Amino acid sequence: MKKLMKMVLSAWCVGLRLLLAQSVLGAGAALPLRADGVEVAVAGIDRPQLGVPLTASVADGAPCAFRWIRKGAPDAVVAESAAYEPTAEDLEHWLCVVARRDGEDVGERLFYFSRLPVLYLDTEGGREIADRETYVPGRLRIQGNAQFAQQYDGPVETKGRGYTSWQSFPQKSYKLKLGEKTNLFGYGKQKHWVLITNFADNSFLRNRHGMELAKELGVVAMDMTWVAVVLNGRYYGVEMLAEQNRPDPNRVDIFNWESKAEDVADALFDAAGAAAGWTDADRAALESNMSSNFNWITTGEVAYVGGTYRLADYGLKEDWNLTGGYLYEMEDRPDGPKYRFETAIKKTHVQFAKPEFASTDESMLAAAQKVWNDTEAAYLSVDHYSPDGEKPLSEFADLDSMAGYWLTLECLGNIDCCAGHSRYSHVDVNGKLTFGPVWDFDYGGGSITVQDTEVYGDSQRPDRWVFKFRDEKPPAEGRGGSSFFVDWLDDPFFVAKAYGLYWRKVRPWLVAELAQGGGMDEKVAYLTEAGDAHDALYKANFEDRCWGFNGEDGDVAKYRAYLTARLAWLDGQFATLDTLMAGVKTTKNAASAHPYEKSTALSFAVAGGIPTNEVCGTDFAVEAADGRFTLSFATTEIAAVSADVYLN
């Protein structure tokens, strides 16, 4: 009898190995061993946790014996009962409960056990997700954990995303479109989400840190969390499930032109569809056409299936306010997206993240370009005013977001301070150009991905300004021209604002993260087992691009060392406003014609407010209970005939 049972189990294990390599069923689905196999249900499988019992049963209710197996090399039977409490040894393993009746295995249930939520993504028919343009239908289930209940179980469409990661990394990033709007992890209801590879960031911390610090500074950033991914039945490693950068009150809170296009298309369908003989398929096609070609804004006409429809005839023509509703991304790669433009002076490449096809309408394109060109003209001028001298930079751009955006990238060593992509900005209708959301921090923070590269390697020293890096190299050694951070830091008001934010926001956040038992330690404890499993999957075959998660030579230790050294160096640079002013000078702005100089001959008195020296010193910070105060200036310099004052 023992020999027979051993043979049955051996055959079952062979079958399971084939299943993991080939199955396109959901990993949590019932997988019968024979044609008349029974469905095995497990109470608690939607949210398995350490020490919390899981209880197996069969759908037909007939008596069964159960066996729990932890898959590995070798497999281990961990219990022979209906109930089982997972242990720490089970973390980052497949667990399988097998139902046995009349001496035969009659059904089983398989799932991946992790301290993290587990995202099971199964494409229809096991189809490959082959490119970044074509959605592949499938099913998605997000298994919960101790912190989160099961998040989703339903249809999904998936396509590739990313640039370098898509072309070069074995672990890819993906765009997910859910079957319905869903509030994943409390981040707000949306259909659109992304999975971000951690292949270039073996600490799994850099992207999350970038979002956290940006929010601390009031800069728009997407929420994200860690998930263990199972793709078509295979463990795929740890990725970040994140909000997608797109217009939405919970994300980038600007007017949504693509939603507007769909609304106008729906209204046109309702008004003209019956007479034209349109079907529901035409409604969807009309929405797609109008959100991918915006020339109806200027022409007032929509061409569809051989007909032309004047919006005014259906009461749908509006005086469109084109001053905002744009999400921009700087993009300097020569083979970058088609729908982009160049700024007037620096010829910076700016693409439309949303609406993606804004350049299909001449009026919309002109309005979107004007936002950037007006801002650029102001920050490149000698006095940071518009060329006509009427409006300061603060009338065109949100300076708080500018300072917070630069500090987030610079303090975490993000090479997008000196590169020309993954830098986002946005503007709402009748609004100012606002910088953010921040994005893409795996290339930085001492990352191995760029540390040893010829172009960017030196930028990863913790004791240098990252934004200066490209400006101080010959053009042949770096992409494009100088970053616009050089021009921003030519403005003493901007530098003073950054100085205050560093001491009030950035430094306390860094100290709290690096403290013993602080934020970084908590994250690492949560990620440890998942990090080891991720390493086992990728590190052996890609040693040149991976340090691994843990250990003395692991990426966590190297990233912590980088941040510790970075904090010490930044403290020296931000020691006083004078040291910061001197430190941010570059080969470009060292000989600037900027007229502003700090002078001890200028003094001021405040009436109705209390000067504060907590951070900036009395020269820069004033508090007044009712927001009103009088500022009086005096100078001993006879040549001083005027003074410009920035109030923020």
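Placing unit charges on each Cβ (+1 for Lys and Arg, -1 for Asp and Glu) gives segment 80-204 a dipole about its Cα centre, and among Gln143, Gly179, Ala82 the Cα reaching farthest toward its positive end belongs to Gly179. Distance from the C-alpha centroid of segment 347-410 to that of segment 133-174: 34 Å, rounded to the whole angstrom.
Full extension of the chain segment joining Glu124 with Glu390 gains 89.8 nm, where the gain is 0.36 nm per residue of separation less the Cα-Cα distance. Estimated at 0.36 nm per residue, the fully extended path between Ala83 and Ala41 surpasses their Cα-Cα distance by 13.9 nm. An ellipsoid equivalent to segment 76-229, defined through the eigenvalues of its Cα gyration tensor, has semi-axes of 32, 20, 16 Å when rounded to whole angstrom and sorted largest first.
A Förster distance of 41 Å, applied to the separation of the beta-carbon atoms of Ala303 and Ser168, puts the FRET efficiency at 0.50. Summarising the amide proton neighbourhood of Ile254: residues at separation of 5 or more, or on other chains, whose placed amide H is nearer than 5 Å comprise Asp248. The protection proxy used here, the mean number of other Cβ atoms lying within 10 Å of each residue, ranks peptides 486-492, 68-74 as follows, highest first: 486-492, 68-74.
Each Lys and Arg adds +1 at its Cβ and each Asp and Glu adds -1 at its Cβ; summed about the Cα centre, segment 184-272 shows a dipole of about 380 debye.
Using a 7 Å offset from Cα along Cα-Cβ at Arg461, what residues in segment 400-417 end up with backbone N under 19 Å from the label point? In segment 400-417, the label zone of Arg461 (backbone N under 19 Å from the point 7 Å along Cα→Cβ) covers 410-417. For the peptides 555-564, 128-137, 215-224, the ranking by packing is 215-224, 555-564, 128-137, with the highest mean count of neighbouring Cβ atoms within 10 Å listed first.
Farthest towards the positive end of the charge dipole of segment 199-339, among the residues Ala281, Val219, Val238, is the Cα of Val238, using unit charges on the Cβ of Lys, Arg, Asp and Glu. The distance from the alpha carbon centre of segment 235-300 to that of segment 79-105 is 47 Å, rounded to a whole number. A straight Cα-to-Cα reach below 12 Å connects Lys260 with the aspartates and glutamates Glu287, Glu318, residues fewer than 8 places away in its own chain not being considered.
Each peptide among 238-249, 305-316 gets the average number of other Cβ atoms lying within 10 Å of its residues, and from highest to lowest they stand as 238-249, 305-316.
Could you tell me which of the pairs Lys346/Lys391; Lys181/Lys505; Lys159/Lys497; Lys189/Lys346 are separated by over 32 angstrom between their Cα atoms in the structure shown? Where the Cα-Cα span goes over 32 Å, the pairs concerned are Lys181/Lys505; Lys159/Lys497; Lys189/Lys346. Dipole size of segment 152-201 about its Cα centre, with +1 on Lys/Arg Cβ and -1 on Asp/Glu Cβ: approximately 200 debye, rounded to the nearest 20. In a fully extended conformation the segment linking Asp266 and Trp503 would gain 80.2 nm over its present Cα-Cα distance, using 0.36 nm per residue.
Taken together, the values in this text are just the output of simple stated rules run on the coordinates, not laboratory data. These figures come from a predicted structure and were not determined experimentally. Here the Cβ is made from the backbone with ideal geometry for all residues, glycine too, and neighbour counts use every protein chain on show.
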